[in-house]
Amino acid sequence: MAEGMLLAVAQKITEDLGSWAFQEIGSLWDVEAGLENIKNTVSTIQAVLQDAAEQQSRSHQVKDWLEKLKDAVYEVDDLLGEFYTEALRRGGITGNITKKVRDFFSTDSNPVVFRVQMSRKINAMKQKLNAIAEDRKMFHLKEYHVEPPVRMDREETHSFVANVKVIGREDDKEAIIRLLLERNNEENVSIVPIVGIGGLGKTTLAQFVYNDKNIKEHFELKMWICISDVFDVKMIIQKIISATGMEPVDHSMDKLQDQLRKIIDQKKYLLVLDDVWNEDPHKWDSLKDLLVGGAKGSKIVITARARLVAEITCPASIYTLKGLNEEQSWLLFKQIAFRKGQGQGTNNPRLEEIGREIVRKCQGIPLAIKSIGNVLRLEKTEHKWSYVKNNILEIATQQKNDIFPILKLSYDHLPSHLKSCFAFCSLFPKDYEIDKVTLIQLWIAQGFIRPSNKNQELEDVADEYFKDLLWRSFFEEVTNEKGELKYKMHDLIHDLAELVTGAECTIITLDRNNFDEKTRHVSLPFYIDSSFIETSGLLVRAEKLRTCLLTFTPSMAYRAGKIDESMLNKLIMSCRRLRALGLCGVHIERVPDSIEKFIHLTYLDFSENDGIETLPNTISRLWKLQTLKVNGCRKLKELPRDIRFLVGLRHLENSNCWLLSHMPNGLGQMTCLQTLSSFVVRDNQASTSGPISSGLDELNSLNSLRGELQISNLRCLEDVYSEPNAANLRAKLYLDRLTLLWHANNPLFCSNDDNDGDEKLLEGLQPHQNLRFLSVNGYGGVRFSSWLSLLTNLVNLSITGCKRCQQLPPLSQLHSLKRLSLINMEVLEYISDGGINEEVPTSSFFPSLKSIYISQCPNLKGWWRSTSTTDRQQHPHHQSLPSFHHLSALQIRVCPNLTSLPPFPYLEKSLYLERVSLKPLQRTIAINSSLPSSSSFLSSPLSKLKSMALVSIKDTEALPDEWMSNLSSLKELYIQGGPKLKSLSLAVPHLTSLEDLEICSCELFDSISDMGDDGTEWQHLKCLSSLSYRNVPNLKSIPSGLQHVTALRKLVISNFPNLTIFPKLTSVVYLQISWCPNLTSIPNNISNLMSLEVLHISYCLNLISLPDEMLSLKSLQKLIIQRCPDLAKRCEKGIGEDWFKIAHVPVIEIRDCEESRIQWTY
C-alpha cells in the first residue's frame, strides 16, 4: 500500500531525466536515447500505479508485479544518482563551480571504458523496465494522468442519536450549544466548525447538540445534510430543500436557489453539514451566498477532519474536538464489551486490568474503543483479551466498518505528494516529538518534495506540505519542556501510517524480527545497543536501505551503545544506497574515510557525539549532500577543510560545538547554504590541519541564510573597520535569529575595549530589519549601535554582559518586541537615555511587550534619565505616563538602586522581585488611587496577576493592604529572605484565589498573630491547597486557623523549632516535616490529619519516636523516613519498637543515607 512513496520516486525520475543536467550527460556520453526511453517507460507505468495499488489487495499477480516494479524504479533512481556523481567527477556537467569540483575529484580512469559501462547499464535497465511495462497489459489497469477522484465509502449520516449512547461529551455539547445560542451582530449567519480526526465522534456530538431541547426551541428551522462525497453545490441545495420536508420543484440551478432562499427567508435556522471535505473556498462561497437570507442568529455547523476545511468557511470560532479522558473511555468500553447481563462489569479483575490497557491504547478515540469492545463482547477468556490487546492494529483493520476504514478515508483523500510524506512519518515511534525542520530535511533527502516552479525553494514547498498535513489533523501540536513547538501523531494515526507503508518503513524492534529485504527505511529506538550494528546477517539484508535513523531522545543518552569505527565501516559497505543517515548520540569517536562511499547520501546527522574531534575530509566527496548536522559535538575542533566543494549543501547545523575554533576556507562559495548555525571567527592561537577562513567576509555572499546564525569569538576580529561590513548582514533578509558573542565559550566575558573598536564592529554588523530575535553577549562598547531602533520586526531582544555599556538607543520604537532581557549591565543607569517627553505617545508605548527580565544591573536607577517637572507636578501618580499595557511577566533581580519603572498595571502571568526596592511596584498600585471615573483602566492594577515572588526585600514589615487588596487573582505567592517581614495578616483577606503559599527564611515572621483568636480570617484562603513554612524560626506554632482552610492538601514544615501541636486539618493528604533539630517526637494530635495519605519525615536527627496515634491514620498509604537514625531503628520492620504503629501502612521507605534506600512494601 506504499504507492505514495513509489509514485514520489517515479515522479522524481521523470523530472530528473527532463532536467538540463541529464540532457547534458546524455549528449556528452551518447546515451540520450536510452535515458529518454527510460523516462517514457517510467511515465507510462506511473499512470497505472494508482489502479494497481487498489487492485493488489484482490490480486496476488498485481501485487507481485508491483513488487517487481518497485525494485526496478528504485534501481533506476540509484543508477541515475551514480551516473550524476560520476559525470561530475569526469567533467560531464559544465560550470565554474563544477570545474573546481572536477579538479578535486580528479580521476585517471579511461572515459571510453566509462561510456561503455554506462551504456551497458542503461540498456539492461531499459530491457527490465520494458518487460515490466509490457506485463502491465495483462491486468487491464486504468491510466490516470491526473489524480483519480476519491471514493468515499461511508454510510450517509442522519440527525438522530440516543442520549444514552453518548458518553463523555457533555462538556463539549454545552460548549457547542453556547456557540450556537450566542448573538452575532455582524452577520445573519455564522459558522461553527467541529474539527478532529476520524473516529473522534464529531457526527455523534453534532447529533447530540441537534436534538437538544434548547436548540429545538431556539431555532425555527433545522436541517441535517450529510456531504461526504464531492462538494457539489447544486446537489447540496437539493438535499437542504429535501431536509425541510419539501421536494425540489425543478432541477435547474436557478430554480433551486430561488426555492432555497424562499424557504429560509427571515427564518432563524440551524443547518448541519456533516462530513465536509471541501478545500475550495470558491465552492464554499457559492453555497454560503445562498444561505445568508436567514434571520439574525442563524447558524451553520460543519463537521470536518481537516482544519483547512474549517478555515475557508471564515468561522467565528473553530471547535477542536479532543479524545475522551481515561475514565470516560473506560465507561464507554464497559458499555460495549460487557453485556447487560454482566451489569456492565466483570468479576474477573484480570479482564478489567487488560481492558484498561486496551482502552489506553485507543487514546480516547470513541470509534476505536467501540470497535475493540465489539470484538470482545462475547469473549470471556483472558487469553483472547490478551491477544486483542497485543494485536490491536491487526484486529481493528479486520473490522470492515470500524476505525481503520474510517481513518483510511483521510489517507485516501490526500494528494499523492502528501501520501509519501505521511507514510514516511511511520519511522518515528509513537509519542515521539517530531521536529518539523528535521522532518522537512528528511523529506527533501528522499526526493518527496517537487516544486511547481524553479523559483520555489524546496524548504518552502515542504513547509506547505507539512502545514497541509497538520491542517488535515495528521499531526498535533505540542510544546515540550523547553517551550519549543514540536509535533506528534496520534497513536491511531501512527498505526494508519504503518498500515499504508507495510514493510517499506520499519521501526526495528528489540528482537529484530520485523526487518526483511523489502525494507528501505528503518529507524532504531535510541536505546538499542551497538550489538545491533554487529549483526552481520542484518547488514547483508540491508542493501536496499535508503534511510537509517536513530530516534534520538536526549533524556536517554546514558543508555546508548557505542558505535566504533569498524562498525561504521560495516554499515557503509553494506548500505551504499542510503539517502539519509542519522546517528545521534551513540558515542562515535572517529568517522572513517570510507564515508565517501555513500555517493547517494543527502542527509547526514552526527549530532550529540561528544567524542568526535574531527571529521574526515572525504565527507567533502559526498557531492549530493544537502544536510550535515554536528550539533552538540562538543569536542569537534574543525570542519572538513574542503567542505567548500559541497556546493549543494543547504544546511550546516553546528550549534554547541564548543571547541570549534574557526571556519574552513572557502565557506563563502557555498551559496546554496540556508542554515549555518554557528560562524566562529578564527582564533589565531588555534592549531589547524588546513587553511582557515579569512574572516567575516566569508559570510558576504551567503544571502540565502535563514533561521538562526550565531557569530562567536568577535573579540578575535583583527580588522574591526572593514570585516563587519564585509559580512553583509543587511542583505540577509531571511535571517530570523542573530546571536553576537564576543567570546565563544565564556558567557561572563566582556570585551575591555578602550579604543571604540567594539562600537565600530557592532555598527558594521547591522542586520536586515526582518530580524526577529537578537542576542548580544560580551560587547565592550560604551554606546549601543543606533541601528537597534530600526529593527521594527524584532520580537526578542537580549543584551548580556555588556559591562561598559552606558547608553542604549530608544527601544520604544520596537513595536513588535515581546521579550526584553538585560543581564549583567554593570554601569547602565537608565534604559532610555532621553526623557519621557521624547517617548512615543502613551497609547503606542511598547504595544507588544509581554515579558521583561532585568538582572544584575547594580547601577540601574530607572527607565528614563529625566522626567519633566511639569509631568511630575501634574501627574504625581503617573497615571497618564506611558504604561506597559500588555506586559504579562516581569522579573527584576539584584538591581538595588532601581526605583522607577513605567507602570505595569495589566501584569497577568508573574512578578518576581529580588533584592530590589518595592517603589516600582508601589507606583503601579498607586495609579488607581487618583484615577478619574472615566479612566481607561477596567480593573484595579495587578488584579489579574497569577504569581508573585518577593525575595530578599528589605524595606517592608508587612505586605501593605492598599496594594495586596488588588491581588484577587493571585494563585501563587512565594516570599523568601524578608528580614523585616513579620506578618501576612493584612494580606490574607484579599488572597481569595491563592492556591500555593510558601514562606522561606523570614526570621521575624510570626504567622498571623494579630488576627482574631479563632483564626477565622484564614477562611478567606478558600482555594489554598499547598502551604510551606521553611526556616521560619520565630513561628510559634502551626496556625490554628488552618482548620478553616478546607482546600488545603499539602503542608510542608522545614526548620520549624516549635512544632508542638497539629490543628484539625481534615483535608491534608501530604505532610512533610524536615530539618527540625528540636523535634524529639511527632505531636500526639497528628490524628487530626485524618485524610493523610503520605507522611515524609527527613533530617530530624533528634526525633526518636512516633506517637501511638499513628494507628488511627487509616488513610495513610506511604511513610518515608529519611536521615532520622534513631527513628529508623525504632521503625525497623517486625522488630522495631514503633513498628506496630506503622505496620498497616502499605508502603514504607527507610532512607538511611543519601546513597542507599530500603523500601518495604506491606
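Values quoted throughout were computed directly from the atomic coordinates according to the rules given, and no laboratory measurement underlies them. Computed from a prediction, not measured in an experiment: that's the story for all the values here. All Cβ positions, even for glycine, are placed from backbone atoms using ideal geometry, and neighbour counts span all protein chains on display.
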For this session: Quickly rank 241-249, 194-202, 957-965, 1123-1131 as a protection proxy: mean count of other C-beta atoms within 10 Å, highest first.
Result: 194-202, 1123-1131, 957-965, 241-249
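What order do you get for Cys895, Cys672, Cys548 when you list them from fewest to most C-beta neighbours inside 10 Å?
Lowest to highest Cβ neighbour count: Cys672, Cys548, Cys895.
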For this session: Would you please put 717-726, 211-220, 827-836 in order of how densely packed they are, using the mean number of other Cβ atoms within 10 angstrom per residue and starting with the highest?
Result: 827-836, 717-726, 211-220
Problem set entry | Spin-label model distance (nm) - Asp135 vs Thr792, 7 Å beyond Cα toward Cβ | 6.5
For this session: Give the order of Glu638, Glu36 when sorted by the count of other beta carbons within 10 angstrom, beginning with the fewest.
Result: Glu36, Glu638
For this session: Quickly work out the Glu327-to-Arg590 label distance, labels modelled 7 Å from Cα along the C-beta direction, and quote it in nm with one decimal.
Result: 6.1
Seminar exercise, completed: With label points set 7 Å from each Cα along the Cα-to-Cβ direction at Ser119 and Arg58, the distance between them in nm comes to 4.7
For this session: Output the peptides 26-32, 467-473 sorted from most to least packed, where packing is the average of other Cβ atoms within 10 Å over each peptide's residues.
Result: 467-473, 26-32
Seminar exercise, completed: Counted neighbours (other Cβ, 10 Å), sorted fewest up, put Thr519, Thr924, Thr381, Thr899 in the order Thr381, Thr899, Thr519, Thr924
Exercise. Of Lys63/Lys384; Lys467/Lys946; Lys239/Lys283, which pairs sit farther than 25 Å apart, going by alpha carbon to alpha carbon?
Worked result: Lys63/Lys384; Lys467/Lys946
Seminar exercise, completed: Extension length gain for Asn569 and Glu477 (0.36 nm per residue less Cα distance), in nm, is 29.3 nm
Exercise. Once a ≥ b ≥ c are taken as the square roots of the eigenvalues of the Cα gyration tensor of region 1069-1162, is the result rounded (a/c under 1.5), prolate (a/b larger than b/c) or oblate (a/b not larger than b/c)?
Worked result: rounded
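Counting only helical runs of four or more DSSP H residues, what would the 222 nm mean residue ellipticity of the chain come to if each run contributes -39,500 (n - 2.57) and the total is spread over all its residues? Walk me through the numbers before you get to the answer.
On the way: 33 runs with 335 residues, N = 1162.
The helix-only estimate for the chain comes to -8500 deg cm²/dmol at 222 nm.
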Problem set entry | Cα pair count fraction exceeding 21 Å, expressed as % - region 415-502 | 27
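Any chance you could run the full-extension gain for Asp412 through Glu143? It's 0.36 nm times the residue separation minus the Cα-Cα distance, nm to one decimal.
Here the answer is 95.1 nm.
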Exercise. How much length, in nm to one decimal, is gained on full extension between Ser252 and Thr956, taken as 0.36 nm per residue of separation minus their Cα-Cα distance?
Worked result: 245.3 nm
Exercise. If you put +1 on each Lys and Arg Cβ and -1 on each Asp and Glu Cβ, how big is the dipole of the chain around its Cα centre, in Debye rounded to 20?
Worked result: 1260
For this session: Would you work out which of Gly293, Asn455, Gly666 lies farthest towards the positive end of the dipole of the chain? Charges go on Cβ: Lys and Arg +1, Asp and Glu -1.
Result: Gly293
Exercise. Among Ser1025, Ser620, Leu129, which residue has its Cα positioned farthest towards the positive end of the charge dipole of the chain, with +1 placed on the Cβ of Lys and Arg, -1 on the Cβ of Asp and Glu, and the dipole taken about the Cα centre?
Worked result: Leu129
Exercise. Between region 1044-1065 and region 573-640, how many Å separate their Cα centres?
Worked result: 59
For this session: Check cross-link reach from Lys173 to the lysines: straight Cα distance under 21 Å, and skip same-chain residues fewer than eight apart.
Result: Lys165, Lys202, Lys213, Lys216, Lys222, Lys268, Lys299, Lys322, Lys370
Exercise. If you take every DSSP beta bridge whose two residues both sit in the chain, what share of them, in percent to the nearest 5, is antiparallel?
Worked result: 5
